[in-house]
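> Sharing a structure, written as structure tokens. Questions coming.
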Amino acid sequence: MDPIKTIQKYYDKNSKLYAILIKHSKSVKNKAIEIAKKVPEFKPDLEFIKEAAMLHDIGIYLTNAPKIECYGDKAYISHGVIGRTILEKEGYPKHALVCERHVGLGLTPKDIEKQKLPIPKRDMTPKTIEEEIICLADKFFSKSNHKLDKEIDIEIIKEKQAKFGKEKLEKLDKLLKKFKLK
């Protein structure tokens, strides 16, 4: 499978949004591979990680996030669910789950209900090593600043996660330890 060809079915390759998505996705892919190589004992599927990391944000174009050139009508939080729908339609069910499960270090039905998020109330937490790796790698890069490939410091990532409660910070710490980043 060629993730770039899949992305180009939904994005104008001459658009600012395409450039943002590709640069962000490449940064996440490279970080995910770096993380995966630290834990060979988990036998992560590097090829799958490369593909899924490139596709994890494919659903952003339908969301309303003008700062990153997204002019759709859906809430940004729904980009994972949208991505899942797109990739299932494309015939990539495992990649589709990465889209849905990478958002917010994974979302539980309780998170969705408590925050009144406009997405289906179901378990959207990472289940596989590859999903965990991509979810974690994504936290190191922002799409909303001009330095898309500049890695965010772990302390800043922790501050951001702390805003979502103690459980999210604990989950982040657990992932950082598991993948030898702490």
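Values in this text are rule-based calculations from the coordinates and carry no lab data. Because the structure is a prediction, the values reported are computed rather than measured. Please note: Cβ atoms are built from the backbone with ideal geometry, for glycine as well, and neighbour counts cover all protein chains shown.
> Quick one: which residues, 5 or more positions from Ala65 or on another chain, have an amide H under 5 Å from its amide H? H modelled 1.01 Å from N in the peptide plane, none for Pro or chain starts.
Cys70, Tyr71, Gly72
> Here's another thing I want to ask about it. So if I place +1 on the C-beta of Lys and Arg and -1 on the C-beta of Asp and Glu, and nothing else carries charge, what would the dipole magnitude of the stretch 3-149 be about its Cα centre? I want it in debye, nearest 20. Mind showing how you got there, number by number?
On the way: 27 positive and 20 negative charges, 55 e Å.
Computed charge dipole of the stretch 3-149: roughly 260 debye.
> Please pull out the direction-averaged projected area of the chain, using the convex hull of its alpha-carbon atoms, in nm² to one decimal place.
Orientation-averaged projected area of the Cα hull: 9.6 nm².
> Given contacts defined as C-alpha pairs under 8 Å and at least six residues apart, what's the relative contact order of the chain, whole-number percent?
On the way: 271 pairs, mean separation 38.9, N = 182.
After rounding, I find 21 percent.
> Restricting to DSSP H runs of at least four residues, report the calculated mean residue ellipticity at 222 nm for the chain, -39500 (n - 2.57) per run over all residues, nearest 500 deg cm²/dmol.
Values: 9 runs with 98 residues, N = 182.
It lands at -16000 deg cm²/dmol.
> From the phi of every residue in the stretch 111-119, what ³J(HN,Hα) in whole Hz does the Karplus formula 6.51 cos²θ - 1.76 cosθ + 1.60 yield, where θ is phi - 60° and glycine or proline is x?
With coefficients 6.51, -1.76 and 1.60, one gets 4, 5, 5, 4, 8, 6, 6, x, 9 Hz.
> Between Glu167 and Lys94, what is the spin-label point distance in nm, taking each point 7 Å from the Cα along the Cα→C-beta axis?
2.9
> What relative contact order, as a whole-number percentage, does the stretch 17-76 give when Cα pairs under 8 Å and 6 or more residues apart are counted?
On the way: 57 pairs, mean separation 19.3, N = 60.
Once normalised by length, the contact order is 32 percent.
> Let me ask something additional. Loop only per DSSP, at most 12 neighbouring Cβ atoms within 10 Å: give me the trypsin sites (Lys or Arg not before Pro) in the stretch 133-180, ordered by residue number.
Here the trypsin sites (Lys or Arg not before Pro) that fit, given the DSSP loop and packing criteria, are Lys147, Lys150, Lys163, Lys180.
> Arrange Val103, Val98 by Cβ neighbour counts within 10 Å, fewest through most, would you?
Details: Val103 25, Val98 28.
Ascending Cβ contact count within 10 Å gives the list Val103, Val98.
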